[in-house]
Amino acid sequence: MTVQINLIPLRAAICAHQPTTLDVIVRIVPPPAPATAIARPSLNLGFVIDRSGSMSSRHKIEYAREAVCYAIEQLLPSDRFSVTIFDDQVQTLIPSTLAHHKASLTRLVKQIQPGGSTALHAGWVQGGIQVSQLLTAELNRVILLSDGLANVGQTNPDAIATDVHGLAQRGVSISTLGLGDDYNEDLLEAMARSGDGNYYYIADAEQLSSIFEQELQGLMATIGHQVSIALEPIGEVVVADVLNDLDVDTQGRLKLPNLRFSNPIDLVVRLKIPALHTAAALCRFCLAWTDTEQQLQQMQAVLELPVVPADQLDAFPLNAEVEQQVMLMMAARAKKESVRLMDQGDYQAASSVLQKTREQILSCPSPMSIPEAAALEDLVQQLEDQKFASCRKTASAQSYQRSSHRSSGHSSLIYAFDRGPQLGDISQQDTAAIVNSTDRALSDRGAISRAIHRAAGSQLREACRQIGQCSVGAAVMTPGFNLQAYRVIHTVCPTWQGGSQDEEALLAECYRNCLALAARQALHSIAFPAIGTGGHGFPIELAARIAFETVSQFLLSHTAIGTVRFVCFDQTTLQHYQSAFRRIAG
C-alpha cells in the first residue's frame, strides 16, 4: 500500500528565455481501499455533547442522541469510547470504556435532556481527559457537538485553541460540529485546525447521523495522521503562493489532513520560475506522516519540466484540471474575504466580492463552474435577505472545506446535487447524460426505458441492438439522438428479492459504473431516475439511501462531474428522495 505524489503543472513545459508563473497541483494519492477486509485502526473516541437549553429547539437533542447511538453501534468491542455532556455544568455520562454491552450504554445516551448555559471549554477538557487517560488505541479523537457560544468558564478562542493544540501534541485530535446559526464558527474551526481534525457546519439537525457516519468512516479509513509537506524551491525558483489556506507547523511545514484510503489531497502551489535555457529541477515536495503503527514515513517528488522555444509552447496545452482547481481556490478566498467584510458590517462589499467571483467562474467553463456559481449565488441571496449569521457560517465552512481540508472533491453536496431531487421526466433533462434503467438485453421494456426510447427515436433502439448485452450492475453508453441529453448511459438494476441476493451492492454498482463512465467521457452533468423503485421492487427508502450514499462518496473525491440530478416520476418517490437528500447534503 504505497502513497504517491503526483505533480500536475498548468503547462507541461516552460518557455525558454523568459520568466514563468506556473500553477501546480501537488496531489497526494493514498492507496485505494483493499478489496478484502483488513484490520482497521483501533479507536478511542470521546463524544462531547452540548446539552444547553438551546438544544431543545428543532429536535436538536433528539438528533444528537441518535447520532451518538449510531456511532456507538459502529464500534468494535476492542474500541474505547466515552460520553461527556455539558451545559453550565459538566458530567461524564459514560466514563472511558470498551464498546461492550452497547444496548445498556445507548440507553444512557437516549436519556440526555437539554439544560442551561454552555461551558464548552470545560466540556471539551473533560472529554479530552477521558480519551487521554488510556492512549492504547491507534487513533484517539474527541468529537465535540455544540449549537451555542462558549459563555461559561474559559471563552477566549486563542486560549482554547492553544489547549487543543497541546492535547493534539499528545496524540488526541478533535473534530468539531457546529449546529445551527448561533455557535461561534471561528472557535470551532480553530479547534479543529489546532486539533488535527475536521470541522463541520450543520445547518439542519437531521444531517447529524450522516455527518457522524462520515466522520467515523474517515477515521476507520485513516492510514496516516500528523501529515505535513515541505516545499523546497530549487535554485532561483520561488514559491509565490500556496492557494490552500493551511496552517504551518514549527518547522515551516504545511499541515495537511489525515491520509485515508482512496481520498486524494490536492495542494495548489504557484511558482515563479526565472528565465531558463535548459530543463532543470524546479521544486522538491517532501511529504511526511505518522502511520497507524506510530512510525514516521517520508517520501518526496521533484518537479522538472522541459524548456521549449516560444513557437513550440502551444504544443503543451493548458491543463483544464489545474485551471479548475485554481478557480475553486480563488472562490474559497473570495468567500473568506466576504466573511471579513461581513465582520466589518460592509455587507454590500461582501456581496460585490461574491458576485464578481461568480461572474469570473462562469466565464471559465469547467465541470465545477455551475455548482460553484450556484453556491456563490446563494450566499449573495442570503445577504440580500439579511440572513447574515447563516451566510457567514456557510461562506466560512465552504471556504474551510475547499481550501484547508480536502480540495479534491465537491465542498458542498447541495450544489453538486442541483439543490435536491426534482419531480419530472428523465427523458426531458438537459444534462450532458441521462441514465436509463434497462434490462440485460437493453430493450425498451419498462416505464423509464420506454419514455427514453420514445423521446430519443428509433436510432437509440438500433444503437442498443449493436451493443447487445449488459450485465447486472454494469453500464454502457449510446448517443442521445433526439434527446436534449448528449449521451444515454444504460445500466441494469437487480430485481429486489428481499435483500438476500446482494441486491444493495449491485444497485450501488449501477451508480458507480454510470458515474465512472460519464467521468471517462468528460460528461460534466448527469441525471439519474429513481433506479430500482419501479418494477424492480426496491423499497423506495432503501433505494434513495443507496443512491445518495454512493453518489456522495464519488463526488467527495472527484470533480470530473459537476452536477448530478435526481429525477423522480411521482410525488411519493420524490418525498423519499428529498428526505434522503436532507440527511446527506451539508
* To do: Among the numbered conditions (1) open to solvent by less than 30 Å² (accessible area, probe 1.4 Å); (2) of a type in the set (Lys, Arg); (3) at pLDDT below 90, tell me where Arg58 comes up short.
  => (1)
* Asked: Quick one: Gly499 ticks every box in (1) touching a residue at least 40 places away in the same chain (Cβ under 8 Å); (2) out of contact with any Gly (no Cβ under 8 Å at 6 or more places or on another chain); (3) more than 17 Å from Tyr415 (Cα to Cα) bar one, so which box is it?
  -> (1)
* Determine which single condition Ser396 fails, assuming it passes every other condition in (1) open to solvent by 20 Å² or more (accessible area, probe 1.4 Å); (2) in contact (Cβ under 8 Å) with a residue 60 or more places away in the chain; (3) not in a loop (DSSP other than H, G, I, E, B); (4) not aromatic (Phe, Trp, Tyr). => (1)
* For residues that are among the polar types (S, T, N, Q) and within 20 Å of Asp241 (Cβ to Cβ), scanning just the range 303-330, find the one that is surrounded by the fewest Cβ atoms within 10 Å (Cβ to Cβ). => Asn319
* Structure fact -> Flagged in the range 88-99 as in a loop (DSSP other than H, G, I, E, B) and open to solvent by 80 Å² or more (accessible area, probe 1.4 Å), in numbering order, are Gln89
* Asked: For the range 103-133, what are the residues that are open to solvent by 30 Å² or more (accessible area, probe 1.4 Å) and in contact with an Asp or Glu (Cβ under 6 Å, 6 or more places away or on another chain)?
  -> Gly115, Gly116, Ser117
* Count of residues meeting criterion [part of a strand (DSSP E or B) and more than 18 Å from Leu271 (Cα to Cα)] in the range 295-307 -> 4
* For the range 134-246, list the strands (runs of 3 or more DSSP E) that sit wholly inside it and hold at least 3 residues that are of a type outside the set (A, V, I, L, M) and open to solvent by 10 Å² or more (accessible area, probe 1.4 Å); which are they? -> 222-233
* Could you tell me whether the range 44-53 includes any residue that is open to solvent by 10 Å² or more (accessible area, probe 1.4 Å) and in a helix (DSSP H, G or I)? => yes
* For Pro41, are the conditions met, namely being assigned to a loop (DSSP other than H, G, I, E, B) and loosely packed, with under 14 Cβ neighbours inside 10 Å? -> no
* Structure fact -> Expected single match for touching a residue at least 12 places away in the same chain (Cβ under 8 Å) and out of contact with any Phe, Trp or Tyr (no Cβ under 9 Å at 6 or more places or on another chain) among Gly46, Gly53 is Gly53
* **Qualifying residues in the range 511-550 (those that are charged (D, E, K, R) and within 16 Å of Pro421 (Cβ to Cβ)) - the one modelled with the lowest pLDDT** => Glu549
* To do: Might you check whether a residue that is open to solvent by less than 50 Å² (accessible area, probe 1.4 Å) and over 17 Å from Ala527 (Cα atoms) occurs anywhere in the range 420-436?
  => no
* Structure fact -> Exactly one of Glu189, Glu213 is of a type in the set (Asp, Glu) and touching a Phe, Trp or Tyr at 6+ places or on another chain (Cβ under 6 Å), and that residue is Glu189
* Structure fact -> Contact list, first residue from the range 236-254 and within 16 Å of Asp266 (Cβ to Cβ) and without any contact (Cβ under 8 Å) to a residue 40 or more places away in the chain, second anywhere and open to solvent by less than 50 Å² (accessible area, probe 1.4 Å) and of a type outside the set (D, E, K, R), beta-carbon distance below 6 Å, six or more apart or interchain, is Val242/Val269; Leu254/Ile229; Leu254/Leu246
* Residue by residue through the range 437-469, note down the ones that are within 36 Å of the chain's Cα centre (by Cα), in a loop (DSSP other than H, G, I, E, B) and surrounded by fewer than 19 Cβ atoms within 10 Å (Cβ to Cβ). => Arg440, Gly446, Gln469
* Asked: Does any residue of the range 331-341 turn out to be acidic (Asp, Glu) and either touching a residue at least 24 places away in the same chain (Cβ under 8 Å) or open to solvent by 70 Å² or more (accessible area, probe 1.4 Å) (or both)?
  -> no
* Structure fact -> The number of residues in the range 153-201 that are in contact with a helix residue (DSSP H, G or I) (Cβ under 7 Å, 6 or more places away or on another chain) and within 21 Å of Gln217 (Cβ to Cβ) is 13
* Among residues belonging to the range 10-37 that are β-branched (Val, Ile, Thr) and farther than 24 Å from Met299 by Cα, point out the one that is most open to solvent (accessible area, probe 1.4 Å). => Thr36
* Asked: Considering the range 261-281 alone, what residues qualify as being open to solvent by 30 Å² or more (accessible area, probe 1.4 Å) and more than 30 Å from Ile223 (Cβ to Cβ)?
  -> Lys272, Pro274, Ala275, Leu276, His277, Thr278, Ala279, Ala280
* To do: Consider Thr559 carefully, then state whether it is touching a Leu at 6+ places or on another chain (Cβ under 8 Å) and of a type in the set (Val, Ile, Thr).
  => yes
* Whichever residue in the range 519-566 is within 15 Å of Gln324 (Cβ to Cβ) and part of a helix (DSSP H, G or I) and, among such residues, is least open to solvent (accessible area, probe 1.4 Å) -> Leu555
* To do: May I ask you to list the residues in the range 568-586 that are within 20 Å of Gln429 (Cα to Cα) and buried (at least 20 other Cβ atoms within 10 Å of the Cβ)?
  => Cys568, Thr573, Leu574, Tyr577, Phe581
* Breaking point among (1) open to solvent by less than 10 Å² (accessible area, probe 1.4 Å); (2) farther than 22 Å from Gln422 by Cα, for Ala505 -> (1)
* Say we look at the range 369-382 and pick out the residues that are touching a residue at least 40 places away in the same chain (Cβ under 8 Å) and within 27 Å of Asp186 (Cα to Cα); which of these is surrounded by the fewest Cβ atoms within 10 Å (Cβ to Cβ)? -> Ala374
* **Selection from the range 63-87 of residues that are at pLDDT below 95, open to solvent by 10 Å² or more (accessible area, probe 1.4 Å) and closer than 20 Å to Leu139 by Cβ** => Tyr70, Glu73, Gln74, Leu76, Pro77, Ser78
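The values are calculated or read from the model by the stated rules, or taken from the named source; none is laboratory data. Values in this document were obtained by computation on a predicted structure and should not be read as measured data. Cβ sites come from the backbone with ideal geometry, for glycine too, and all protein chains shown count toward neighbours. All accessible areas refer to the heavy atoms of the entire protein, side chains included, with ligands and DNA or RNA removed. Shrake-Rupley method; radii C 1.70, N 1.55, O 1.52, S 1.80 Å.
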